[in-house]
Amino acid sequence: MPLPFLTADRDLDTPAADSAALPHDEPDHWRRPYRPGPWRVGAAAVFLLLASFVLISAMIIAMAGSLPGAAACAVLGAALIAFAVRLLRVGVWVSARGLRQVNLLRTATEPWSAIAAVRTRQQPVRWLGLPRTVQGQSLIIERTQGEPLRPLITDHNGDFLSRPEAFERAADVLEAWAAEYRD
């Protein structure tokens, strides 16, 4: 029994699939046009594993009778879980309303009308977000007014390191969204 919703054997030859940048029914919902990379998912999994150990230790400390220590461990475990979830949400999100760049501590949203161009550029980029820079590609947004935004995605960040095809696909999809909704 074929399950086309689980495979790539869907009917992608229809004109509706070719006409939209992301062929979804609801373009007003915020969605990430690419999958989180293995570095980002791995780091979040490590933080969740650490949070589970901290929460187990909070339970052991609570059973031993030290409630302030258990509360401190529980708060630390909850903070680690929140950090892991936020780490998974980091990236670029698009909708018909605009483009949203989510970082660990802040989120910037630009409406499509404020964006002049979305293009790929060769420049020094950070390796996995660390201070070390290497030569690579980044997706730049130029605003209609003001200075350009910081690079949206790079080929050396946690989503695209060692995956140049995924970076090219994501850059093409983001450029297609900009071309479709910037009008």
| note | Expressed as a whole-number percentage, the relative contact order of the chain with C-alpha contacts under 8 angstrom and at least six residues apart is 20 percent
| task | For 113, 52, write out the residues from largest to smallest accessible area, computed with a 1.4 angstrom probe and no ligands counted. | result | 113, 52
| Rounded to the nearest 500 deg cm²/dmol, what is the calculated helix-only ellipticity per residue at 222 nm for the chain, with -39500 (n - 2.57) per DSSP H run of length n ≥ 4? | -13500 deg cm²/dmol
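Run the numbers on the stretch 97-157 and let me know its relative contact order in percent, using alpha-carbon pairs under 8 Å that are six or more apart.
27 percent
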| said: Less than 12 Å Cβ to Cβ from residue 114, Lys/Arg counted +1 and Asp/Glu -1: what total charge do the surrounding residues give? | reply: +1
| Of the accessible area of the chain, with the probe set at 1.4 angstrom, what percent is carbon plus sulfur? | 61 percent
| remark: Within the under-10-Å Cβ sphere about residue 159, not counting residue 159, Lys/Arg +1 and Asp/Glu -1 give a net charge of +3
| remark: Log entry: pair-distance distribution for the stretch 124-183, C-alpha pairs binned every 5 Å from zero, whole % per bin is 4, 18, 25, 23, 16, 10, 4, 0
| message | Can you compute the radius of gyration and Dmax for the chain, using only the Cα atoms, both in Å? | response | 20.4, 66
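Just the Kirkwood number for the stretch 57-97, please: inverse of mean 1/r across all distinct Cα pairs, in Å, one decimal.
Evaluated over the stretch 57-97, this radius sits at 12.1 Å.
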| Scattering from the C-alpha atoms of the stretch 17-117 alone, worked out with Debye: what is log10 I(q)/I(0) at q = 0.09, 0.12, 0.15 1/Å? | -0.38, -0.58, -0.74
| query | What number, in percent, do you get for the relative contact order of the stretch 67-113 if the mean sequence gap of Cα pairs under 8 Å and at least 6 apart is divided by its residue count? | reply | 23 percent
| Vicinal HN-Hα couplings computed from phi for the stretch 133-146 (Karplus, 6.51 cos²θ - 1.76 cosθ + 1.60; Hz; Gly/Pro x) | 10, 9, 6, x, 10, 9, 9, 10, 10, 9, 7, 5, 10, x
| message | Angle check, please: helix 164-181 long axis (alpha carbons) against the longest principal axis of the chain (alpha carbons), in degrees 0 to 90, nearest 10. | response | 60 degrees
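The values are calculated or read from the model by the stated rules, or taken from the named source; none is laboratory data. The model shown is predicted, which means the values in this text are computed figures rather than measured ones. Here Cβ is always computed from backbone atoms with ideal geometry, including for glycine, and neighbour counts include all displayed protein chains. Accessible surface areas use protein heavy atoms only, side chains included; no ligands, DNA or RNA. Shrake-Rupley method; radii C 1.70, N 1.55, O 1.52, S 1.80 Å.
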